[in-house]
Amino acid sequence: MRLVTQQPCWKCYILCFMSAPGSRFVKACKVQPVDRTPVWFMRQAGRYMPEYRAVRKEYSLIEICKRPKVAAEVTITAAEILGVDAAIIFADLLLPLEVMGLPFHFTAGEGPVIQKPVRTKEDVGHLHTDRAADLGYVSEAVGLVCKHFKANLPVIGFCGAPFTLASYMIEGGGSRNYVHTKKMMYSSPTVWDELMRKLVAVTAEYAAHQVTAGADVIQIFDSWVGCLSVEDYRRYVLPRTTELVKALQKTGAPIIYFGTDSATLLPSMQETGAEVIGLDWRIPLDEGWRSLGFKGGVQGNLDPVLLFADWAELKSRASDILQRAARRPGHIFNLGHGILPETPVENVKALAKFVQEF
Ligand code: CP3
């Protein structure tokens, strides 16, 4: 465990774990004024980048995640090539499934496949909650990245939100209509809630370890939450997700809570207490922020497909987002979802530079 002291820590010993508490990214997450808008990108280390593809020739995705040195190298390389204001640890959302007793693998073209999806009370009963420590390889990678960047660049840890993780566990992979997931929610609400409770237990411990290893901020990915109505979100998801946010805030790290297709859910998502809410591109940034009463911070929200457009269009759309943010404290520039494979790297680099010079 590292002790990094940028500021005297007598007030809050937890601050000592963080690697860059004074950085503009961390300040923006706390909705404090900054000299310029910080920028980073979801999936900034990924297949669009030749350096990542070279590592993938040697290792599978899971092998990279489980080798702290390799995961740290992938994280550091992407952040340095792009010159962004934060590094997100290289890992995958689904890693906690394995320690809960649900093996999975990735198939080319199809994405993740969970061998034996969770469908019944018994299936939920069998899930372990006492093995989050087996994910220690992720914290180890976080520690290596923090050691490399010291106070120069903050490090983002992450975990999946209980709804999005449950959807993978129940559907057995990605899904279009979430039929099995919603069926469990509607017809077996106590089983559903037990699953949510178990997921919160594991992810809270897992993400808190990342903070003790040096992560400055935790992002909770609720990528597929937008398939829910406001009423269902509030009834079946908000209470346990709030528990996760509160548990993680005890570490002292600010929380970014991200979802997509979530325009109608934003005020409810804010009720979790997360410091920053992630916005996708389907809602104009100022409209999304207004729906949150301009309270707290927002992250986003360029359509990742705009990175395939010509520079004039890309620049004008990025500048539109920055103008909508209107220099209010608490805006972190990002895409509305992850960088896609085939994205031209030059555009990603130019976009980061443009935001930083705006
Ligand atoms: O952002 C980063 O740079 C950090 C790395 C990161 C990965 N996965 C690595 C990865 C992060 C933050 C994730 C999160 C993740 N994983 C999410 C939530 C974010 C989102 O995009 O909504 C989800 C839903 C997953 C599950 C998952 N992992 C999917 C659906 C896929 C795509 C499968 C495919 O073949 O396209 C993955 C694979 C994955 N995870 C890749 C990367 C870089 C690409 C595949 C590869 O290298 O083989």
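With protein chains left intact and a 1.4 Å probe, residues in the chain average 42 Å² of accessible area per residue. Of S188, S19, S268, which has the largest mean-square fluctuation in a 10 Å C-alpha GNM of the chain? With Cα springs under 10 Å in the chain, the top fluctuation among S188, S19, S268 is at S188.
What list of whole percents do you get for P(r) of the stretch 47-191, with Cα-Cα distances grouped in 5 Å bins up to the one holding the largest distance? For the stretch 47-191, the binned pair fractions read 2, 9, 17, 18, 18, 14, 11, 7, 4, 1, 0 percent.
Note: relative contact order over the stretch 176-274, using C-alpha pairs below 8 Å and six or more positions apart, is 33 percent. Within the stretch 142-210, the proportion of C-alpha pairs whose separation exceeds 21 Å stands at 42%.
Sequence-ordered 3J(HN,Hα) estimates for the stretch 149-158 from the Karplus curve with 6.51, -1.76 and 1.60 and θ = phi - 60° stand at 8, 6, 7, 6, 8, x, 10, 9, x, 7 Hz, glycine and proline given as x. Across the stretch 135-144, rounded Karplus estimates of 3J(HN,Hα) from the backbone phi angles (6.51 cos²θ - 1.76 cosθ + 1.60, θ = phi - 60°) give 8, x, 4, 6, 4, 4, 5, 4, x, 5 Hz, Gly and Pro being marked x.
At a 1.4 Å probe, what is the % contribution of carbon and sulfur to the accessible area of the chain? Please report the intermediate quantities before stating the final value.
On the way: 7740 of 14950 Å².
Taking all protein chains in place, the chain shows 52 percent carbon and sulfur surface.
The C-alpha radius of gyration of the chain, expressed as a fraction of 2.2 N^0.38 Å, stands at 0.93. Its Cα gyration tensor gives the stretch 242-332 an equivalent ellipsoid. The semi-axes, each the square root of 5 times an eigenvalue, are 26, 13, 12 Å from largest down. For P254, neighbours were defined as the other residues whose beta-carbon sits under 12 Å from its Cβ, and their charges (Lys and Arg +1, Asp and Glu -1) total 0. Heavy-atom accessible area, probed at 1.4 angstrom with all protein chains present, ranks E287, E110, E346 as E110, E346, E287, highest first.
Shape annotation for the stretch 51-99: C-alpha extents along the principal axes are 34, 23, 15 Å, from largest to smallest. K353: which aspartates and glutamates have alpha carbons under 12 Å from its alpha carbon, excluding same-chain residues fewer than 8 sequence positions away? By straight Cα distance, K353 reaches D85.
Over the chain, DSSP H runs of length four or greater, each weighted -39,500 (n - 2.57), average out per residue to a 222 nm ellipticity of -13000 deg cm²/dmol. Each peptide among 240-251, 324-335 gets the average number of other Cβ atoms lying within 10 Å of its residues, and from highest to lowest they stand as 324-335, 240-251.
Restricting attention to the stretch 147-292, lysine pairs at least eight places apart or on different chains and with alpha-carbon atoms under 20 angstrom apart total 4. For the chain, a simple Cβ point-charge model (Lys and Arg +1, Asp and Glu -1, everything else neutral) yields a dipole of about 620 debye relative to the Cα centre. Using θ = phi - 60° in the Karplus curve 6.51 cos²θ - 1.76 cosθ + 1.60, the 3J(HN,Hα) couplings for the stretch 50-56 round to x, 4, 5, 4, 5, 5, 5 Hz; x is entered for Gly and Pro.
Equivalent-ellipsoid semi-axes (√(5λ), Cα gyration tensor) for the stretch 160-199, whole Å, largest first?
Each semi-axis is the square root of five times an eigenvalue, giving 15, 13, 6 Å.
Under the criterion of Cα pairs below 8 Å and six or more residues apart, the relative contact order for the chain equals 22 percent.
The values are calculated or read from the model by the stated rules, or taken from the named source; none is laboratory data. Model, not experiment: these values are computed from the prediction. FYI the Cβ positions are ideal-geometry reconstructions off the backbone, even for glycines, and counts take in every protein chain you see. Please note that ligands, DNA and RNA were not included when accessible areas were found on the heavy atoms of the full protein model with its side chains. Shrake-Rupley method; radii C 1.70, N 1.55, O 1.52, S 1.80 Å.
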